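Only one structure is covered here, and it is reproduced in the block below.
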Amino acid sequence: MKHGRGTFVRPPIDARRACVFAIAATLGGLASICGAHAASAVAPPGQILLQADEITYDSQGRIVTAKGHVEIVDDQRTLRADEVTYNQATDQVSASGNVSLQDASGNVAFADRVELSRDLRDGVIQGLAALIGENGRLAAASGERREGRYTIARAAVFTPCAICEEEGERMPLWQVRASRVIHDQLEKELYFEDAEFQFFGVPVFYLPYFSEADPTVRHKSGFLLPDIGSSGYLGTFLKVPYYISLGPSRDLTIDPFFTQKAGTVLQTEYRERWSNDGGMWLQGTTGYDAGASGKPGQSIWMSSLFGSGRIPITDSWRTGFDVQLTSNKTYLQRYELSYADRLTNDLFTDSVDGRSRAALTGYFFQSLRATDVTAQIPLALPFAEYTYIPEDKIVGGRLRVDASALALSRDEGTDMYRASTSADWRRPFTSSDGEVFTLEGFLRGDLYHITDATFDVPTAPKDTETIGRGLGLGMLEWRWPFVRPLDMPNSSLVLEPIVQLIAATAGGNPRGLPNEDSTSVEFDLTDLFSPNPSPGLDLWAGGMRSNAGFRATALLPNGSLEATLGEDFRLLPDPNFAPGSGLGGRRSDIVGQLKAEFPNISLTDQFNVDPENGSIRRNEVNLRARLGRSSVDLSYLKLPPSATDPALGEQEQVNIAATVFVYENWALFGEARRDLAKSTMLESALGIRYEDECFVVQLGFHRRDTATLNLKPASAVIFRLGLKTGLTGG
């Protein structure tokens, strides 16, 4: 070092080396440590680290002056500037030229010039500009820092919007201009005085005072986006949700819903997450409509409760619930709270130990369909299940043991009590040439006690009866996958024929045995290679049969193509399966699936073909496409008449939902559902939305063309406007 009169000056060196000074908090001395520049240095508690291209010290004036890439770091904040002077006599730090001050949370304040205390906690700022979080921007003519916690900006402007750097486009979409803004960095809160809301610089709203969470806060109480609109049922309506943060893992939303024609609904939603993989959410509503008195299917007071909960008891045991309840059959649809027409409630406790599981559950069902009779809906209580799968192989294969007990009771109709136990063993073998053989054996015993049997089955031999049955099957499956490369890099083709031979006990469906859990059998590709295609225990698929199919898969560099085709062949027809199920005759429907998976598009087509005439009896197509932020979802569904509900007849529907960004942040969205069998629309919607990092506005039209009980087809227009800022008071 070269020493002068009361000064020392660091000579220029290469690679931006610098001297770092540790200034004791007690100002007892000044020690210099020369070394490489350390921009990420962190000061030990109670000390300040200073580094710069050039540092001089006036011993008479007790002034330290740092110039060129100056950086001062303590354990809470970092100050950077072109020039900094520290007056030991007055204990003041002055900084000028490209001044920035960053706190421990990452918030950065910029200024033309600052005067700060030695610990950088307090001071005066000229020409203030601050970045708060990722998007918050605060600018002011002047400001000050107090207690290392508050930044007070005068004649200030705040916005969470991005500001374009191009000339003539630097006005944010919206901003708040206030006489004073106080940023509490400890509470992470912004306080505004004499605040004026401006859109593109034009004043539109004034508040004498309000506060909001700063942009670094993820959960903070405040108003959410309101919904404003009009519909045929409700008239003009307004929803103003208010969000209450109860902590990092709990919150409550209160959502009053005011309507012109249908009274008022108060909706609340509570959510909580526990650290041990548990949690719950409850959504309750209460509605009051004085004008509903005397109207069929309506009531003055209405309510609903939806939710679920999972509550851990031990490491392996838990309890839980799912609830879906409403006081009125049309209440949920009238206020567009839910479109479900059959509601399921359950209360359970279960345990998972390795690959085994035990569960005890009770079910309560509620139907909102006009054709369902409430007294005939069963109560399932209790429903006990146990599955045991040993970790070790048994005779070289996988063993699974299942046991269950079920009690179904009704106010009107057949009551049933069922106990069932089964064992399933499965073992694969692979030959030297790649053929895969699988053996499977299955045994099951069921015991039923039935009362009021003739209510559902008039041909039942007795009104009260106990029925037992023993069931079993054996299966041999053969697969032989072939793989060959394709004429393109990193691509291959897999061809796999599959054949199953199944011998199952016949006569497993005696007369008078109720069918509660297998009433809707819809044979498709997912059931083709199942030893028992029945979805439940009550219906048994017996007899000799064979399943045959073929799968081809092309593995490509950016996706895959897959095609599967198969059919079920029976030695004798099974009359227990309805003709419309596609299963039960000597030959089943020919079932297949076409599937394409690529990064921006996926397509799945499942179909059933009538083997007699080649017509497509059932077809489900799902297409999903993504291009940037735009998306299209398309589905097509064709179903034959249902044996469980012949009144439905043949069904054929097409659904489409799309969001297309037409220009920067502007998007068009829409959806439509059409019944092709009846050539009528079911539902449609169309709208436009603008959304960026600080603002969202949406205008939409929705039309429902279906009628339910006393709800006739109606239309609605909904307008949503929101500033992404979380207002908390006024």
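The values are calculated or read from the model by the stated rules, or taken from the named source; none is laboratory data. All of these numbers come straight from a predicted model, not from anything done at the bench. Cβ atoms come from the backbone with ideal geometry, glycine included; neighbour counts cover every protein chain shown. For accessibility, only protein heavy atoms count, side chains too; no ligands or nucleic acids. Shrake-Rupley method; radii C 1.70, N 1.55, O 1.52, S 1.80 Å.
General remarks:
- I33 falls short on exactly one of the conditions (1) modelled with pLDDT of 80 or more; (2) in contact with a Cys (Cβ under 9 Å, 6 or more places away or on another chain); (3) of a type in the set (A, V, I, L, M), and that condition is (1).
- Remark: V108 falls outside the filter, which requires a residue to be at pLDDT 85 or above and of a type in the set (V, I, T).
- Enumeration of residues in segment 699-717 that are open to solvent by less than 40 Å² (accessible area, probe 1.4 Å) and charged (D, E, K, R): R704
- Which numbered condition S211 fails, given (1) modelled with pLDDT under 85; (2) closer than 16 Å to A139 by Cβ: (2)
- Test: A548 is open to solvent by 30 Å² or more (accessible area, probe 1.4 Å), in a loop (DSSP other than H, G, I, E, B) and aliphatic (A, V, I, L, M): no
- Whenever a residue of segment 227-240 is free of Cβ contacts under 8 Å to residues at least 24 places away in the same chain and open to solvent by 20 Å² or more (accessible area, probe 1.4 Å), its partners that are among the aliphatic types (A, V, I, L, M) and assigned to a strand (DSSP E or B), lying with C-beta atoms within less than 7 angstrom and at least six residues away or across chains, give the pairs L238/I228.
- Hits in segment 119-150 - residues which are small (G, A, S) and without any contact (Cβ under 8 Å) to a residue 60 or more places away in the chain: G123, G127, A129, A130, A139, A140, A141, S142, G143
- Condition met for T259 (over 28 Å from the mean Cα position of the chain (by Cα) and either of a type in the set (S, T, N, Q) or open to solvent by 60 Å² or more (accessible area, probe 1.4 Å) (or both)): yes
Rundown of residues vs (1) modelled with pLDDT of 85 or more; (2) more than 36 Å from the chain's Cα centre (by Cα); (3) outside any loop (DSSP other than H, G, I, E, B); (4) surrounded by 14 or more Cβ atoms within 10 Å (Cβ to Cβ), yes/no style:
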{"position": "E167", "(1), (2), (3), (4)": "no, yes, no, no"}
{"position": "M171", "(1), (2), (3), (4)": "no, no, no, yes"}
{"position": "A178", "(1), (2), (3), (4)": "yes, yes, yes, yes"}
{"position": "V181", "(1), (2), (3), (4)": "yes, yes, yes, yes"}
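- Condition check for V395: loosely packed, with under 14 Cβ neighbours inside 10 Å, closer than 26 Å to V352 by Cβ and either at pLDDT below 95 or among the hydrophobic types (A, V, I, L, M, F, W, C) (or both): yes
- Residue, nearest to F695 (Cα to Cα), within segment 186-196, restricted to residues that are in contact (Cβ under 8 Å) with a residue 12 or more places away in the chain and surrounded by fewer than 19 Cβ atoms within 10 Å (Cβ to Cβ): E196
- When A453 is tested against (1) open to solvent by less than 30 Å² (accessible area, probe 1.4 Å); (2) closer than 20 Å to R469 by Cβ; (3) in contact with a Leu (Cβ under 8 Å, 6 or more places away or on another chain), only condition (3) is not met.
- In segment 111-143, residue modelled with the lowest pLDDT [restricted to those that are open to solvent by less than 50 Å² (accessible area, probe 1.4 Å) and more than 43 Å from the chain's Cα centre (by Cα)]: L120
- The set of residues in segment 495-535 that are surrounded by 14 or more Cβ atoms within 10 Å (Cβ to Cβ), of a type in the set (V, I, T) and out of contact with any Leu (no Cβ under 7 Å at 6 or more places or on another chain) comprises I498, V499, T519.
- Search result, residues across segment 333-366 that are closer than 30 Å to R703 by Cβ and at pLDDT 95 or above: L343, T344, Q366
- Residue within segment 684-698 that is under 25 Å from T330 (Cβ atoms), open to solvent by less than 30 Å² (accessible area, probe 1.4 Å), at pLDDT 95 or above and not polar (S, T, N, Q) present: yes
- Set D392, D424: member being among the charged types (D, E, K, R) and touching a residue at least 12 places away in the same chain (Cβ under 8 Å): D424
- The set of residues from segment 437-463 being of a type in the set (S, T, Y) and not in a strand (DSSP E or B) comprises T454, T459.
- Total residues in segment 191-249, condition among the small types (G, A, S) and either under 25 Å from the mean Cα position of the chain (by Cα) or more than 24 Å from A714 (Cα to Cα) (or both): 9
- Qualifying positions in segment 634-658 - at pLDDT 80 or above and either of a type in the set (S, T, N, Q) or touching a Cys at 6+ places or on another chain (Cβ under 9 Å) (or both): S635, Q651, Q653, N655
- Qualifying residue in segment 464-482 (condition: among the aromatic types (F, W, Y) and in a strand (DSSP E or B)): yes
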